[in-house]
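The values are calculated or read from the model by the stated rules, or taken from the named source; none is laboratory data. These numbers were taken from a predicted model, which means no experiment stands behind them. Here the Cβ positions follow ideal geometry from the backbone for every residue, glycine too, while neighbour counts run over all protein chains shown.
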């Protein structure tokens, strides 16, 4: 198997106009708010790879990478690093909240690894440079570690671009039409990944191959997910769980939560408040908390699983820990983990909950690239099925306005 594989166990019927929505999404690719769908296509793919590699080469050796971003400007980077970073990768730190205690601890940890800051790279990510949290964190970081190397990833125009020119910082561009939650396979996610030694060409190749699969009217995994999940939401199963059975993929689930909620939790074009509620869980840990609710609580959930077929494994002792654990003798941790995933899926399905499973052959840049493209295209189709704009976020913008106003009173 050279691709991630989707299995659906959702009884809700597909929305009848799925083909029209696939066609509309294909026609929109590369235009307006769907420019992100060209990030893995030429000429944009080659352009960003070349610019990123050229900049990375000037920053070696690198001990610390600090990313200052929020929402999609940070979640994708966390997911990539958690899934794919190597033991030899620089230490990644992400500041995506203005908690002063976290800030102080982060700076202290970075200084301990690189006292004179000569091998520390600070990456400031913001399309406009006007997000309050990013501005505040950047100001505090410049004061705390002034001798680090600063990089700005931003749009072609705006406050951060102007500031970077004034301070002579190197810059990378976020293409127009690439919103934060769709930016993981732009310089926003690819540059920190490349600094960490992750193969960004393979990430984009995986995304491109998935995009090809999701361009067809038949056997289209994004359309299958979108239609079934939208139908489930409309049928009362509005809680959508993503549960990786692999610690390295937990941050991918957190990335999904933002993508799903900020894109589809809206007032639709008919004035209705709609949208699923996404939840991140981790297997097998959350079997000992959420599984009870899923088995005997309301049947209002679609529970999705991420499963990895091949991973580094650990053999168990040949002698039992006790009589009750004799069945584990000679087994491996990986075999137990996958057995628990299968058992949990069967348990919740037996209780009347809908499920889906994405199986990864292994955790590699190629398959992670497929994962990101799959869910972004799923959202593009789901937004059309739900008759709403998946690319704006008026609720978020209103919260930003209230924050600014509170300081001006």
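Taking the range 181-241 as the region of interest, the helices (runs of 4 or more DSSP H) fully inside it that hold 1 or more residues being over 19 Å from the mean Cα position of the chain (by Cα) and more than 23 Å from residue 53 (Cα to Cα) are 200-213, 221-234.
Evaluate the range 61-80: report whether one residue or more is at pLDDT 95 or above, exposed (fewer than 14 other Cβ atoms within 10 Å of the Cβ) and part of a loop (DSSP other than H, G, I, E, B). Looking through the range 61-80, at least one residue is at pLDDT 95 or above, exposed (fewer than 14 other Cβ atoms within 10 Å of the Cβ) and part of a loop (DSSP other than H, G, I, E, B).
Here's the yes/no breakdown for (1) in contact with a strand residue (DSSP E or B) (Cβ under 7 Å, 6 or more places away or on another chain); (2) buried (at least 20 other Cβ atoms within 10 Å of the Cβ):
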| residue | (1), (2) |
| --- | --- |
| 134 | yes, yes |
| 142 | no, no |
| 165 | no, no |
| 168 | no, no |
| 174 | yes, yes |
| 180 | no, yes |
| 201 | no, no |
| 236 | no, no |
| 249 | yes, yes |
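For the range 299-318, the set of residues classified as outside any strand (DSSP E or B), in contact with a helix residue (DSSP H, G or I) (Cβ under 7 Å, 6 or more places away or on another chain) and under 19 Å from residue 252 (Cα atoms) consists of 311 only. For residue 14, state whether it is touching a helix residue (DSSP H, G or I) at 6+ places or on another chain (Cβ under 7 Å), in a loop (DSSP other than H, G, I, E, B) and at negative phi. So residue 14 fits the description; yes.
Residue by residue, here is whether (1) at pLDDT below 95; (2) closer than 15 Å to residue 369 by Cα; (3) in contact with a helix residue (DSSP H, G or I) (Cβ under 6 Å, 6 or more places away or on another chain); (4) not assigned by TED's automatic domain parsing to the domain that holds residue 129 holds:
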| residue | (1), (2), (3), (4) |
| --- | --- |
| 173 | no, no, no, no |
| 215 | no, no, yes, yes |
| 233 | no, no, no, yes |
| 240 | no, no, no, yes |
| 265 | no, no, no, yes |
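Here residue 276 fulfils each of the conditions (1) touching a residue at least 40 places away in the same chain (Cβ under 8 Å); (2) surrounded by fewer than 16 Cβ atoms within 10 Å (Cβ to Cβ) apart from (2).
Within the range 357-384, the residues that satisfy the criterion of being over 17 Å from the mean Cα position of the chain (by Cα) and surrounded by 24 or more Cβ atoms within 10 Å (Cβ to Cβ) are 381, 382. Of all positions in the range 84-93, at least one carries a residue that is in a helix (DSSP H, G or I) and over 19 Å from residue 182 (Cβ atoms).
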